[in-house]
């Protein structure tokens, strides 16, 4: 049985990599970010279309599938506007990314895939644009299943809550069954503890991706007073930011913190190399986690090629925006299982 997929909003290819590990052939990836092209093509051996999806016609893409294949259309529309961090942002619906899911829907209507797969942040489920998406998919006679899951429940060493959406014209389809519980979540010591020691601002001589952001003298002193799973409340008062001295700042407990060796990591965001942007402090060393550490916690393999110009800001953004390859693999396995059940072989 030939199963072929196309990956919309593909980024550097986390989803594509996972699907291909599950033996689903990906024909092409589409994204409007040219800086993702090298990593996407190099690691996946798949062509990259650099286009604005809102202006893309999809007819040529429909012809890419083999006539006798099971057609899968997958994608993760830009999710920043649906993040919990933006709920209080005024006029966030006017952001151009707000309606990207509508262009995914437009692609579905043109391509008419057998199976649809989408990953996104959990906040999208609370929006009218998602409700409309589901109604339109169901109107097209797809069986729909979706659930907000924690990626840690699938063996990903990260507390990452994400929507998994699957739809099929073949019949009932379900979200993948969880493989882990809180009792056997994979802690970060299993993933990054053996990496070479780094100082703030240093790059490992043997691994250019194992590179940390430089910290100011003040932040060095702050992280020295931080303990794993702790907060800025562990610091001397002389080190506090003004906002933390106010009552309104008491809720910001997850920034400027250290990770804990015995727990999963927090969500790897686009700013995971910044000590002040979350609990991204290394459990022992006085620095934020490196690009390599973030990539491994996102389940990118050690040999994934991020290119020669490993810029901290751009590469962190690429990694943080990606679908964890392990999640792509889990979804790919579920698609395979669904197809096998439908055809009875």
Notebook entry, point to check: Between rounded, prolate and oblate, where does segment 189-321 land on the alpha carbon gyration tensor, with a ≥ b ≥ c its root eigenvalues, rounded for a/c under 1.5, else prolate if a/b exceeds b/c?
Noted result: prolate
Margin query: What do you get for the angle between helix 100-111 and the principal long axis of the chain? Use alpha-carbon atoms, 0 to 90 degrees, nearest ten.
Written below: 30 degrees
Next item on the list: Take the alpha-carbon centre of segment 122-158, take the same for segment 295-345, and report the distance between them in whole Å.
Entry: 18 Å
Margin query: Taking the 0 to 90 degree range and rounding to the nearest ten, how far is the long axis of helix 128-139 tilted relative to the main principal axis of the chain, both from C-alpha atoms?
Written below: 30 degrees
Margin query: Is the C-alpha gyration tensor of segment 178-240 telling us rounded, prolate or oblate? Criteria: a/c under 1.5 is rounded; beyond that, a/b larger than b/c is prolate, otherwise oblate.
Written below: oblate
Next item on the list: Describe numerically, in nm with one decimal, the distance between label points set 7 Å from Cα along Cα→Cβ at residue 55 and at residue 110.
Entry: 1.4 nm
Item checked: GNM flexibility winner over the chain from 101, 223, 191 (Cα, springs under 10 Å) -> 191
Margin query: I'd like the antiparallel share, as a percent to the nearest 5, of DSSP beta bridges with both residues in the chain.
Written below: 45 percent
Note to self: Quick check: residue separation of residue 261 and residue 62 times 0.36 nm, minus the Cα distance between them. What number comes out in nm?
What the structure shows: 67.0 nm
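When the helix-only estimate is applied to the chain (DSSP H runs of n ≥ 4, each -39,500 (n - 2.57), divided by the residue count), what is the mean residue ellipticity at 222 nm, nearest 500 deg cm²/dmol?
Helix-only estimate at 222 nm: -7500 deg cm²/dmol.
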Check: How high is the FRET efficiency from residue 225 to residue 194, r the C-beta distance, R0 25 Å, rounded to 0.05?
Finding: 0.45
Check: Relative contact order of segment 189-321: what whole-number percent is it, with Cα pairs under 8 angstrom and at least 6 residues apart?
Finding: 27 percent
Next item on the list: Would you work out if segment 115-185 is rounded, prolate or oblate? Take a ≥ b ≥ c from the square roots of the eigenvalues of the alpha-carbon gyration tensor; rounded if a/c is under 1.5, else prolate when a/b is larger than b/c, oblate otherwise.
Entry: oblate
Margin query: Between residue 181 and residue 314, what is the label-point separation in nm under the 7 Å Cα-to-beta-carbon projection?
Written below: 4.6 nm
Note to self: I'd like the FRET efficiency for residue 305 and residue 207, computed as 1/(1 + (r/R0)^6) with the beta carbon distance as r and R0 of 22 Å, rounded to 0.05.
What the structure shows: 0.95
Margin query: Can you tell me which of 128, 334, 158 moves the most in a GNM of the chain? Springs connect C-alpha atoms under 10 Å apart.
Written below: 128
Item checked: residue 23 versus residue 159: modelled label distance in nm, points set 7 Å from Cα along the beta carbon direction -> 3.7 nm
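Explain nothing, just the number: relative contact order of the chain, from Cα pairs under 8 Å at least 6 residues apart, as a whole percent.
With pairs under 8 Å counted, the relative contact order is 19 percent.
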Next item on the list: Using R₀ = 41 Å, calculate the FRET efficiency as 1/(1 + (r/R₀)^6) where r is the Cβ-Cβ separation of residue 41 and residue 238; round to 0.05.
Entry: 0.20
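Taken together, the values in this text are just the output of simple stated rules run on the coordinates, not laboratory data. What you see is a predicted model, and the numbers here were worked out from it, not measured in a lab. Methodologically, a virtual Cβ is constructed for each residue, glycine included, from the backbone with ideal geometry; neighbour enumeration extends over all protein chains shown.
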